[in-house]
1. Give the cross-link partners of residue 12 among the aspartates and glutamates, using a straight C-alpha distance below 16 Å as the criterion and excluding same-chain residues fewer than 8 apart.
2. Can you list residues from other chains, or at least 5 along the same chain, whose modelled amide H is less than 5 Å from the amide H of residue 36?
3. Calculate the tail of P(r) for the chain: the fraction of all Cα-Cα distances greater than 32 Å, expressed in %.
4. Can you return the lysines within cross-link range of residue 127? Criterion is Cα-Cα under 27 Å, with same-chain partners fewer than 8 residues away left out.
5. Compute the long axis of helix 137-149 from its Cα atoms, compare it with the longest principal axis of the Cα atoms of the chain, and write down the angle in degrees, 0 to 90, nearest 10.
6. Restricting things to alpha carbons, find the Rg to Rh ratio for segment 227-295 using the Kirkwood radius for Rh.
7. Rounded, prolate or oblate: which one fits segment 171-223, using the alpha carbon gyration tensor with axes a ≥ b ≥ c (rounded when a/c is under 1.5, else prolate when a/b beats b/c, else oblate)?
8. Any chance you could check the Cα centroid distance between segment 67-100 and segment 103-146 for me, in angstrom?
Amino acid sequence: MHTILSISDLSKTYASGFRALKSIDLDVRRGEIFALLGPNGAGKTTLISIICGIVNPSTGSVLVDGHDIIRDYRAARSMIGLVPQELTTDAFATVWAAVSFSRGLFGKRANPAHIEKVLRALSLWDKKDNKIITLSGGMKRRLLIAKALSHEPQILFLDEPTAGVDVELRRDMWQLVRGLRDTGVTIILTTHYIDEAEEMADRVGVISKGQLILVEDKSELMRKLGRKQLTLQLQQPLGTVPPELSDYDLKLSSDGSELTYTYGNQDGRIGIVELLKDLGAAGIQFKDLRTTQRSLEDIFVSLVSDRQ
Ligand SMILES: Nc1ncnc2c1ncn2[C@@H]1O[C@H](COP(=O)(O)OP(=O)(O)O)[C@@H](O)[C@H]1O
Ligand SMILES: [Mg+2]
C-alpha cells in the first residue's frame with residue numbers, strides 16, 4: 001500500500017476564534033476513492049482548502065506524495081486537482097480556453113491531446129468552442145472537473161460534487177468518478193449524503209465538528225452499520241441467558257422479559273431460524289417479536305450526536 005496523502009495533527013482556528021478542525025490524522029492510499037462524510041459545517045471544505053493551499057493550517061502538516069504543502073507548495077499543488085464546491089468560473093471564455101488556461105496555471109506545457117482526451121471523457125468535446133455562459137448546470141460541473149484534470153493531477157478532490165444536482169446527473173457523476181479512479185487517479189470526495197459515500201467509496205471517514213471520528217473500509221462500515229436486531233417478548237421472564245444459547249449475540253432486558261438478538265447482513269436469515277429452533281429446544285417461549293434495522297441515516301446521526 002502506498003500512501004499518497006498524509007495528514008497529521010492538522011488543526012485550523014479561523015481568525016474569528018472558531019476551531020474548524022481539531023487535530024486531524026489521516027492517510028489516503030494511492031488509487032482509492034475516499035469519501036469524507038459529514039454534515040454541513042463539519043469542516044470538510046476547510047480540510048480540502050488547507051490541502052490545496054487556499055487556507056493556512058494553524059497546526060500540523062500535510063504531505064502529498066512526500067511533498068510538504070507549505071515548504072514544497074508547488075510540487076505538492078501540481079499533483080492535486082480541485083473541483084470546488086462553489087461553481088465559479090469565467091462566463092465568457094470558451095470551454096477549450098478555460099481548460100487550457102487551467103493547465104497553464106500549473107506551469108505545464110500545452111498539451112492539446114490531453115485537453116481533448118479530458119473533454120471527450122467528460123462529454124464536453126462538442127462544446128469546446130461554446131462560451132461557458134451557454135452551458136447547462138450539469139455541463140458546468142463537468143467543466144469544473146475538466147479544469148481540475150487539465151494538468152494531469154494524481155489526486156482529485158471533489159468537494160460536494162453532487163450537492164443540488166438531479167438524480168440522473170448524480171449517477172453520471174458517480175460513473176465518471178469511478179472511471180477516473182480506474183485510470184489510476186486517487187479520489188477524495190466530500191459529501192453530506194450517506195448514500196453517496198456508500199455508493200462510491202472504498203473507504204469512508206466521518207467528520208463532525210472538526211473531528212475525524214471514524215475511518216473505515218466501506219464494506220466493513222456497511223457490515224457494522226447494517227446490523228439488524230430481533231427482539232422477542234418472552235412468555236416467562238428469564239434470569240439469565242441460558243448457556244446453550246451462548247453462541248448467539250443475545251442480550252436480556254433488565255427485567256428479563258425481552259431477549260434481543262443482534263445480527264449482521266450476511267448471517268441474518270439462517271441465524272434467526274436456528275435461534276428460534278434452539279430457543280424452542282431450550283423451552284423458551286415468546287409471545288411477540290419485532291425486528292428493527294438501523295438505517296445508515298440513524299447511525300450517522302447517532303455517531304455525530306454522540307459527540308455533542
Ligand atoms: N473564513 C472563515 N472564518 C470563520 N469561520 C469559518 C470560515 N470558513 C468556514 N468557517 C466555519 O468553519 C466551519 C466549517 O466550515 P466548512 O469547512 O465550510 O464545513 P463543511 O464544508 O463541512 O460544510 C463552519 O462552521 C464555518 O462557518
Ligand atoms: Mg463544504
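No lab work stands behind these numbers, since they all come straight from the coordinates. Keep in mind the model is a prediction, meaning the values are calculated, not measured.
1. Result set, ordered by chain and number: 25.
2. Amide H neighbours of residue 36: 189, 190, 191, 205.
3. Values: 19492 of 47278 pairs.
Above the 32 Å cut-off, the chain has 41 percent of its Cα pairs.
4. 108, 117, 140, 147
5. Roughly 70 degrees, rounded to the nearest 10.
6. Values: Rg = 11.3 Å, Rh = 12.1 Å.
That ratio equals 0.93.
7. Prolate is the answer for segment 171-223, as a/c is 1.5 or above and a/b outweighs b/c.
8. First find each Cα centre; the distance between them is then 13 Å.
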